[in-house]
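Asker: First, the structure itself, so that you have it in front of you.
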Amino acid sequence: MTETAEAHRVLVIEDEAPIRRFLAIALGSAGFAMEEAARGREGIERAATAAPDVVVLDLGLPDMDGKAVVAAIREWSQVPILILSVRDGEAEKIAALDAGADDYVTKPFATGELLARLRALVRSRRRADTEPPAVAIGDLSVDLARRLVTIGGREVKLTRKEYDVLALLARFQGRLVTHRQLLSTVWGPAHLDDTHYLRIAVGHIRDKLGDDAADPRFILTEPGVGYRLA
């Protein structure tokens, strides 16, 4: 059992029994405890009663769309939600993330990647609960309390917008932050379609951090959807 996964409970809301059985084996071997639900309303109830550390949710449920499940859970809980769905369209991903999901994995999926993303969500929730003053990724440090960014001990001079983008990614380290989330938070709701602002800012941040977009160490791109901090 890995230290990261120990004692953490995953609620799987999935109508296909073979996938639930497969996930039970994969999660159990990684040290997670699994709860399950085959329908959306049942999943919402389990999310309330089982106190999961993370939810894995299929979008194509028999009684309701998975995005409605996300919205229902978000009315009272900030538990991390990872979408696991055969729907791979960009618009579908964006809609699910905007509804309140934290990450999105398409079927068929690599077990190792799914487990890694679950561990990242669990870590991010633990960080959110304790609100750390600084986030470190390798030699990069983002000091949220002092609004100070350093790499290898050297201060990195960022503009206010650049810092705000990096700080938001740092607060959700390991989790996908959509273009809409970033634009709404940093530039305001009137700029949800101004993705070029974000693209330029991320390019400048990468330049200042020495982060190669083709082989990134820090800022990872989810094409057409958003960014995550490694």
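Asker: For Thr195 and Arg146, FRET efficiency with R0 = 25 Å and r from the beta-carbon atoms, rounded to 0.05? Please list the in-between numbers first.
Answerer: Values: r = 30 Å, r/R0 = 1.19.
Once the sixth-power term is evaluated, E becomes 0.25.
Asker: Right, next: Two decimals is fine: what is log10 I(q)/I(0) at q = 0.13, 0.14, 0.18 Å⁻¹ for region 144-230, from a Debye sum with one equal scatterer on every Cα and no solvent?
Answerer: -0.37, -0.44, -0.74
Asker: Would you please state the base-10 log of I(q)/I(0) at q = 0.18 1/Å for region 103-201, with intensities from the Debye formula using one equal scatterer on every alpha carbon?
Answerer: With one equal scatterer per Cα and no solvent, log10 I(q)/I(0) is -0.98.
Asker: Sticking with this one: Calculate, in whole percent, how much of the Cα-Cα pair population of region 7-75 lies beyond 13 Å. Mind showing how you got there, number by number?
Answerer: On the way: 1365 of 2346 pairs.
Result: 58 percent of Cα pairs exceed 13 Å.
Asker: Hey, another quick one. Sequence neighbours fewer than 8 away in the same chain don't count; with that in mind, list the aspartates and glutamates whose C-alpha is under 15 Å from Lys208.
Answerer: Within the straight-line cut-off, Lys208 pairs with Asp139, Glu155, Glu162, Asp164.
Asker: Also, I was wondering about something else. Binned at 10 Å from 0, what are the whole-percent values of the Cα-Cα distance distribution for region 29-149, short to long?
Answerer: Pairs per bin, as whole percents: 12, 40, 32, 14, 2.
Asker: Let me ask something else. May I ask you to work out the translational diffusion coefficient for the chain at 25 °C, viscosity 0.890 mPa s, via Stokes-Einstein with Rh from the Kirkwood sum over Cα pairs, reported in whole µm²/s? Show your work: numbers first, answer last.
Answerer: Numbers: Rh = 18.4 Å.
Once the numbers are plugged in, D ends up at 133 µm²/s.
Asker: In debye to the nearest 20, how big a dipole does region 11-68 give about its Cα centre with +1 on each Lys and Arg Cβ and -1 on each Asp and Glu Cβ?
Answerer: 80
Asker: Rounded to the nearest percent, how much of the accessible area of the chain (1.4 Å probe, protein heavy atoms only) is carbon and sulfur? Please report the intermediate quantities before stating the final value.
Answerer: Numbers: 5490 of 10850 Å².
Of all accessible area on the chain, carbon and sulfur atoms account for 51 percent.
Asker: Something else now. Return the percentage of antiparallel bridges among DSSP beta bridges fully within the chain, rounded to the nearest 5 %. Walk me through the numbers before you get to the answer.
Answerer: Working: 17 of 33 bridges.
Roughly 50 percent of the DSSP beta bridges within the chain come out antiparallel.
The values are calculated or read from the model by the stated rules, or taken from the named source; none is laboratory data. Just so it is clear, the structure is predicted and the values come from calculations on it, not from any experiment. Neighbour counts run over all protein chains shown; Cβ positions are idealised from the backbone, glycine included. For the accessible areas, the whole protein counts, side chains as well, though only heavy atoms, and no ligand, DNA or RNA atoms are used. Shrake-Rupley method; radii C 1.70, N 1.55, O 1.52, S 1.80 Å.
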